[in-house]
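The values are calculated or read from the model by the stated rules, or taken from the named source; none is laboratory data. Everything numeric in this text was worked out from a predicted model, so none of it was measured. Heads up, the Cβs are rebuilt from the backbone with ideal geometry, glycines too, and the neighbour counts pull from every protein chain shown.
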Amino acid sequence: MMKSETYKEAFERAGIPRREFLKFCTYTAALLGIEASGLSKVVHAMETKPRPPVIWLHFQECTCCSESFIRASHPIVADIILDTISLDYTETLQAAAGHQAEKCLQDTMKNYYGKYILLVEGSVPVKDGGIYCTIGGRTALDILNETAEGAAAVIAWGSCASNGCVQSAKPNPTGATPVHKIINKPVINVPGCPPIADVMAAVVTHILIFDKIPELDGQGRPKEFYSRRVHDTCYRRPYYDAGLFVESWDDEKARKGYCLYKMGCRGPVTYNACSVTKWNEGTSYPIQSGHGCLGCSENSFWDNGPFYQHLASFPGFGIETTADDIGTVIGVGALAGVAAHAITTNIRKRKLIKENMEESSEENHKVEGGEE
């Protein structure tokens, strides 16, 4: 087995000073939510552990996951894949082609058996023997099974690889299937269409720092980034609680930034870090740009009803409800949840107003009667 250089050695070879190396370690720790007291552990890992060889496969997808990653909010994040780790094979970004490219793939699997990280982008068609996606005369199904066998960890990038996405939407003519339903080993699902670049980078570095996969939820997603609903951290949440909703696109309520729940926003049943981490250097995310959440990190989101149809009512209003509790079942034509909440809110407000008016009236009578 060949020996890989460490992160520190890679920085030194590139002529990057130690100060920048420490900045990289600090940013990595921040991505993982590690406190300042744990920074030394990150630095030690980067100085001593070899860079993991990486194989990045592309199957049924639009490459939006790769596009998201190389446009990360911080240049260092992209470097984790494009330079800092050893990206040995990827059909999209590699310079080699044909037999040279295939040799890179075979050499990595042979020389780093049990050590390399396998990244998969795209779903895998299984109907008719998998003929609907072939690379170099081999089916995606065959390539996946071969590369997954010797992988230390398997990560499914995006909703295509994690849950099938649009390719597996009804009637699913190619039999598009997510990675975890094909191979017989744990798979880290990082869904989203596309997933957030910083989340992708953090998952890879978690494996490096802690020598294990992150804690996963019932859908195989890292709890670090998929444990809270978009709804719970959305800046429009106060409008939801007050019963103030957008009724139609570009109406006065939309211009005031009211809640998009009635417009079909899936935020209440979608688990992702969109409203916290955001895209484009932390600039924005779909809801902030005026469009409701489509629920792209949830299973079968393409088949969960029209995107602009009212959501069903859902249990709980706090972050105590988990993805495993709620699931992803979205009913058709369900106005009851939002209506009931709005009615309850208004009744409570009217009751408080009435009580305040009665108290004020009593005080006035006391003053008029000469009482203090």
> Given the conditions (1) modelled with pLDDT of 80 or more; (2) within 29 Å of Ala161 (Cα to Cα); (3) outside any loop (DSSP other than H, G, I, E, B), which single one is not true for Lys115?
Replying inline: (3)
> Can you name the number of the only condition in (1) touching a helix residue (DSSP H, G or I) at 6+ places or on another chain (Cβ under 7 Å); (2) modelled with pLDDT under 90 that Val187 fails?
Replying inline: (2)
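Which of the residues belonging to the range 56-97 are of a type outside the set (D, E, K, R) and at pLDDT 80 or above?
Trp56, Leu57, His58, Phe59, Gln60, Cys62, Thr63, Cys64, Cys65, Ser66, Ser68
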> Of the residues that sit in the range 18-34 and are more than 30 Å from Tyr113 (Cα to Cα) and at pLDDT 80 or above, which one is surrounded by the fewest Cβ atoms within 10 Å (Cβ to Cβ)?
Replying inline: Arg19
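From the list Ala273, Ala197, Ala201, Ala176, which one is surrounded by 16 or more Cβ atoms within 10 Å (Cβ to Cβ) and at pLDDT 95 or above? Reasoning before the result, please.
On the way: Ala273 fails: at pLDDT 95 or above; Ala197 fails: at pLDDT 95 or above; Ala201 fails: at pLDDT 95 or above.
Ala176 is the lone residue from the list that is surrounded by 16 or more Cβ atoms within 10 Å (Cβ to Cβ) and at pLDDT 95 or above.
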>> What's the total number of residues in the range 35-51 that are surrounded by fewer than 19 Cβ atoms within 10 Å (Cβ to Cβ) and not in a helix (DSSP H, G or I)?
In response: 3
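Would you confirm whether any residue within the range 118-128 is free of Cβ contacts under 8 Å to residues at least 60 places away in the same chain and not in a loop (DSSP other than H, G, I, E, B)? So that I can check it myself, show each step before the final result.
The initial filter retains those residues of the range 118-128 that are free of Cβ contacts under 8 Å to residues at least 60 places away in the same chain, namely 126-128.
From the residues that got through so far, the ones that are not in a loop (DSSP other than H, G, I, E, B) too are 127-128.
Yes, that holds for at least one residue.
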>> I'm trying to understand the selection: among the residues of the range 276-318, which are within 21 Å of Asp198 (Cβ to Cβ) and at pLDDT below 80?
In response: Asn280, Glu281, Gly282
